[in-house]
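Written below as structure tokens is the structure these notes are about.
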Amino acid sequence: MTPQELENLALLRRARDLIDRDYAKPLDVPTMAARALMSPAHFSRQFRAAYGETPYNHLMTRRIERAMALLRGGTSVTEACIAVGCTSLGSFSSRFAEVVGMTPSAYRALEHQAVEAMPNCVAKSRTRPSRHGSSRNEEEAVGASA
């Protein structure tokens, strides 16, 4: 890698850290791009090239990941939606179903005993949502407890 490519990755990482830390706050691409010292269009292209997804998709995946943890703990769908920074319950539910493969209500109703028995760091990685439907790892974890 060239020194410029390394510098770009460092700037992109600053923006990704912002998303990971402040996912519940109102974030938009221009705000993320400013953190990376790039124009919004250039930032979006560079972020996708580096991480394989758009900045907005990364933000929503992070929000849904946190909402999954809240729902496993018994939080209502509406409270989880608000807690992760989403302003529209309908959009949140649609995106949740797209990413996880089921509605937030259906996910909340599942038995999560195996996940609850895991250390938080393990549960977080095993239940990470996938852009391709429900988490296979969580299905394995839930199946293992049956």
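Some points to look at:
- Residues located in segment 20-32, provided they are hydrophobic (A, V, I, L, M, F, W, C) and crowded, with 16+ Cβ neighbours inside 10 Å: L27, V29, M32
- Criterion (touching a Leu at 6+ places or on another chain (Cβ under 6 Å), on the phi < 0 side of the Ramachandran plot and surrounded by 14 or more Cβ atoms within 10 Å (Cβ to Cβ)) met by exactly one of R48, R35, R66, R72: R35
- Which listed residue is among the β-branched types (V, I, T) and under 30 Å from Q4 (Cβ atoms), from V99, V84, V77, V29: V29
- Selection from segment 45-77 of residues that are within 14 Å of the chain's Cα centre (by Cα) and among the basic types (K, R): R62, R63, R66
- Among the residues of segment 47-75, those that are more than 30 Å from N8 (Cα to Cα) and touching a helix residue (DSSP H, G or I) at 6+ places or on another chain (Cβ under 8 Å) comprise A67, M68, A69, L70, L71, R72, G74, T75.
- Entry remark, segment 93-132: residues being of a type in the set (G, A, S), modelled with pLDDT of 75 or more and closer than 15 Å to L71 by Cβ number 6 in total.
- Residue that is touching a Phe, Trp or Tyr at 6+ places or on another chain (Cβ under 7 Å) and either at pLDDT below 95 or outside any helix (DSSP H, G or I) (or both), where the choices are M68, M1, M38, M32: M68
- Matching entry among V84, V77, V100 (being in contact (Cβ under 8 Å) with a residue 12 or more places away in the chain, outside the structural domain of E7 (by TED's automatic domain parsing), in contact with a strand residue (DSSP E or B) (Cβ under 8 Å, 6 or more places away or on another chain) and surrounded by 15 or more Cβ atoms within 10 Å (Cβ to Cβ)): V100
- Single residue of A36, A15, A49 found to be more than 25 Å from G90 (Cα to Cα), free of Cβ contacts under 8 Å to residues at least 24 places away in the same chain and of a type in the set (A, V, I, L, M, F, W, C): A49
The values are calculated or read from the model by the stated rules, or taken from the named source; none is laboratory data. Every value quoted in this text rests on a predicted model; they were computed, and no experiment measured them. Cβ coordinates were reconstructed from backbone atoms using ideal geometry, including for glycine residues, and neighbour counts include every protein chain displayed.
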